[in-house]
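To start, the structure itself, in structure tokens.
Please treat every number below as a calculation from the coordinates, not as lab data. As the structure is a prediction and not an experimental result, all values here were calculated from the model. Please note: Cβ atoms are built from the backbone with ideal geometry, for glycine as well, and neighbour counts cover all protein chains shown.
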Amino acid sequence: MSEFVTLDEIRAAQQRIHGVAVRTPLYRVERARLESLKLPIPAFDLYIKAESEQPIGSFKLRGAYNMVAQLSPGQLSRGVITYSSGNHAQGVAYAARSLGAKAVIVMPSNAPEGKKAATKALGAEIVEVGPASSERRIRAEELVAEFGYSMIPPYDAPKIIAGQATCGLEIVEQLPDVDLVLSPVSGGGLLSGTATAIKLAAQAGLASPTVQVWGAEPELAADAKESFYTKHLVEWPAEKTVRTLCDGLRTQSMGKLNFEHILRFVDGIVTVTEDEILAALRILLSATRLVAEPSGAATLAAALFHAHELPKARKVAVILSGGNLEPALRERLEAEIATTA
């Protein structure tokens, strides 16, 4: 690859999505709240970037709108298509509706019913396939060839990366002296964008020159960590990645463009267990007013349970990437919290 997303492109995306995507808050977690839960107190100040407060409940609106908004009138008239397990589906559907375009979404049969319903409610047409991420990409490409839709990839495109990068740019605008930022990683859109924005901002003197950006993913779907440390893009079979509770982090491989950005701008990737993810979900429900889906809690799990693997830092920001928590799981977690209170 010869070119990387630039800071100017990220700033342009920030202007483009203004008024559609929300500039989400960066909340500081009070130590007293963690102490009340009898948790080990971290040696750093902890901040949460609440992308759960986006109109669709996740960061995915940033990249989706940034790309759909740059289509020509002719392209919009033919409609847009993507493949997604849920949050990008809603991002594309929301962007398409805002711009008057038809949206077709190829979703896996095991996608959460709540995310399917939310996507339909935004006016999108859903086409279901099997659980493998490769299946939905192939079907979407077939429909592009048949109907002339414009493809809006979930992560592997410069305009998607630039849109997701606005999240990272906001973090350093809100907390210029942040030392460490943790982003979930699946296909790599959010991690590649966040790291690119933060490192370019640091080069421009807008953030600490020593700021680090790390990814967090489930150990049951750890293709990104393997790829990062071997410097070779690997693909895990669907039967392995579907084991994790994090439906948004089940992608079998990172995108090629995302991987190039990650190799250049990311400092490390750490994995977390399913029990740690569930614990982070309970902590969020107990210690904050924020609701996270499992994929969005992976970063908090990394910060609280894997600090020994991360660089020492005074201020740590974790991205809560989405808050579309299935009602049944929320009910279960709240019952567990009540029994231990």
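Looking at the structure I just gave you, is GLN75 surrounded by fewer than 16 Cβ atoms within 10 Å (Cβ to Cβ) and over 25 Å from ALA117 (Cβ atoms)?
Numbers: surrounded by fewer than 16 Cβ atoms within 10 Å (Cβ to Cβ): yes; over 25 Å from ALA117 (Cβ atoms): yes.
It is true that GLN75 is surrounded by fewer than 16 Cβ atoms within 10 Å (Cβ to Cβ) and over 25 Å from ALA117 (Cβ atoms).
If ARG243 passes every condition in (1) more than 22 Å from LYS49 (Cα to Cα); (2) buried (at least 20 other Cβ atoms within 10 Å of the Cβ) but one, which one does it miss?
(2)
Filter region 114-141 down to the residues that are over 25 Å from ALA21 (Cβ atoms) and outside any loop (DSSP other than H, G, I, E, B) and list them by number. Before you say what the answer is, go through the steps one by one.
If we filter region 114-141 for residues that are over 25 Å from ALA21 (Cβ atoms), which is where we start, we get 127-132, 134-135, 138-139, 141.
If the condition is that a residue be over 25 Å from ALA21 (Cβ atoms) and outside any loop (DSSP other than H, G, I, E, B), then VAL127, GLU128, VAL129, SER134, GLU135, ILE138, ARG139, GLU141 are the ones that fit.
When you go through VAL178, VAL213 one by one, which is the residue that is closer than 28 Å to HIS308 by Cα, in contact with a strand residue (DSSP E or B) (Cβ under 7 Å, 6 or more places away or on another chain) and assigned to a loop (DSSP other than H, G, I, E, B)? Break it down stepwise before answering.
Working: VAL213 fails: assigned to a loop (DSSP other than H, G, I, E, B).
Among VAL178, VAL213, only VAL178 is closer than 28 Å to HIS308 by Cα, in contact with a strand residue (DSSP E or B) (Cβ under 7 Å, 6 or more places away or on another chain) and assigned to a loop (DSSP other than H, G, I, E, B).
Find all pairs meeting these conditions: Cβ atoms under 8 angstrom apart; at least six residues apart or on different chains; first residue within region 223-236 and in a loop (DSSP other than H, G, I, E, B); second residue among the hydrophobic types (A, V, I, L, M, F, W, C).
Taking only residues 6 or more apart or on different chains, the pairs are LYS231/LEU263; LEU233/MET254; LEU233/PHE259; TRP236/ALA221; TRP236/ALA222.
In this structure, does ALA89 turn out to be of a type in the set (A, V, I, L, M, F, W, C), surrounded by 24 or more Cβ atoms within 10 Å (Cβ to Cβ) and within 20 Å of SER186 (Cβ to Cβ)?
Numbers: of a type in the set (A, V, I, L, M, F, W, C): yes; surrounded by 24 or more Cβ atoms within 10 Å (Cβ to Cβ): yes; within 20 Å of SER186 (Cβ to Cβ): yes.
Judged against the criteria, ALA89 is a match.
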